[in-house]
Amino acid sequence: MLDLEKLREEFEEELIEFRRDLHMYPELSFKEFRTTGKIKEELKKLDIEIIDLGLETGVVGLLKGKEDGPTIALRGDIDALPIKELNDVPYKSRIDGVMHACGHDIHTTCVLGAAKILSKIRDKLEGNAMFVFQPAEEINKGAKLMVEKGLFTDIKADMIFGLHNNPEIPWGKIAIRKGGLMAAVDTIRIKVKGKGGHGAIPDATRDPIVAASAMVMNLQTIVSRNVSPLDSAVISIGTFNAGTANNVISELVEMTGTVRSFDPETRQMLPKRIKEVLEYTAKAYMVDVELEYIFDLPAVYNSPEMTELAYKAAEEIVGKEGIVDPVPTMGGEDFSIFMEKIPGFFFWLGVGNEEKDMKYVWHNPRFNGDERAIIIAATVMSNMVLHGIEYVNRNRKR
């Protein structure tokens, strides 16, 4: 069994140093050039093979154990956000207007930590470990691009584990949940076309602003009346653009919004019902409406089998008392793209610490996490790889 305290003594300081370096030099989606270079340097030191996907940013490393054994992947995302950091810490971002405000520097370091740990026992591995450092999670494009380039299609793996920090959970706790953890993410784009005219003569127009306003309100009835109270969904309009002057009734309103859900049947129902509500409202207000519905990401859904496997691996490191059952979020994660290709499991890592004022949620300019959680996650993920290899090998022999 992996010894957390010995691994903490051996690796914690260097992992924290690596994380702080990433934090000081954050990079936006698909611009993670320095980060990519740093990761490659570390993997080369560990004699881990770097697999070329033909990407400018992002890294895939393969640690070879038993060649004909299974391959278990670990994923960490690497991009930052266009946010000016407000933390007063020595490792504050040195890139103006860019910050690791979602903790991807923590995720990257956790996976690198697992690479260091597993490298120490490579001769005992009954399979292989793959380390996926994914770009562009924040814009929901990185996982899709890696899959398009052959990851988990041409480049095979048997299962994958991923994590996300959570400052609302105390540092060091591992949050494991069966079923939906993070929601499916879809985008809606709506155009409402009417007949423009003078604001003082509305009877000579077909006002798309009034119609679109009614649509915004009517869309909310889908969640309250068409989705089971035992299920979850969100329809939020985020932009509403129309008009050029205070006394002119516009001909066009353009709106965009986000749609979130967990249940696959609910997700399939939503575009049909949204279209019906928009069209019938448009008819009532004598305007025309166009809907573009974009399926962005499926939900992050942990299967019972993968949950059991992950729970056992985490329990061996942090004990039952170190595992919590989290409340799901309607936020999305493109790790779900990988889960469509191979079995996967996603968990949350507690990084919160009230005493150190580490309590701010994702995308806040004061976001930070307790770095003592990093070695815990690295050890847990390493153990998930070991359990994953054992699970696949056991089932192959049946």
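The values are calculated or read from the model by the stated rules, or taken from the named source; none is laboratory data. All values reported here derive from a predicted model rather than from experimental measurement. Please note: Cβ atoms are built from the backbone with ideal geometry, for glycine as well, and neighbour counts cover all protein chains shown.
Filtering region 344-385 to residues that are among the aliphatic types (A, V, I, L, M) and within 30 Å of residue 121 (Cα to Cα) leaves 349, 351, 373, 374, 375, 376, 377, 378, 380, 381, 384, 385. Among the residues of region 299-315, none qualifies, meaning not one is more than 23 Å from the chain's Cα centre (by Cα), among the charged types (D, E, K, R) and outside the structural domain of residue 350 (by TED's automatic domain parsing).
Of the residues making up region 138-151, those that are buried (at least 23 other Cβ atoms within 10 Å of the Cβ) and outside any strand (DSSP E or B) are 142, 143, 146. Evaluate the following for residue 132: is it under 30 Å from residue 275 (Cα atoms), under 17 Å from the mean Cα position of the chain (by Cα) and buried (at least 17 other Cβ atoms within 10 Å of the Cβ)? Against the criterion (under 30 Å from residue 275 (Cα atoms), under 17 Å from the mean Cα position of the chain (by Cα) and buried (at least 17 other Cβ atoms within 10 Å of the Cβ)), residue 132 does not qualify. Under the condition of being in contact with a Gly (Cβ under 8 Å, 6 or more places away or on another chain) and more than 22 Å from residue 105 (Cα to Cα), which residue from region 317-371 is surrounded by the most Cβ atoms within 10 Å (Cβ to Cβ)? The qualifying residue surrounded by the most Cβ atoms within 10 Å (Cβ to Cβ) is 318.
Every listed requirement among (1) over 22 Å from residue 209 (Cβ atoms); (2) loosely packed, with under 12 Cβ neighbours inside 10 Å is met by residue 245 save one, (1). Does residue 50 fit the bill of being within 24 Å of residue 161 (Cα to Cα), buried (at least 16 other Cβ atoms within 10 Å of the Cβ) and either in the same structural domain as residue 150 (by TED's automatic domain parsing) or at pLDDT 95 or above (or both)? Taking the combined requirement at face value, the residue does not satisfy it. The numbered conditions (1) of a type in the set (Gly, Ala, Ser); (2) in contact (Cβ under 8 Å) with a residue 60 or more places away in the chain; (3) surrounded by fewer than 22 Cβ atoms within 10 Å (Cβ to Cβ) are all true for residue 204 except (2).
Note on region 1-117: enclosed strands (runs of 3 or more DSSP E) holding 1 or more residues that are within 20 Å of residue 352 (Cβ to Cβ) are 71-77.
Out of 207, 231, one residue alone is over 24 Å from the mean Cα position of the chain (by Cα) and acidic (Asp, Glu). It is 207.
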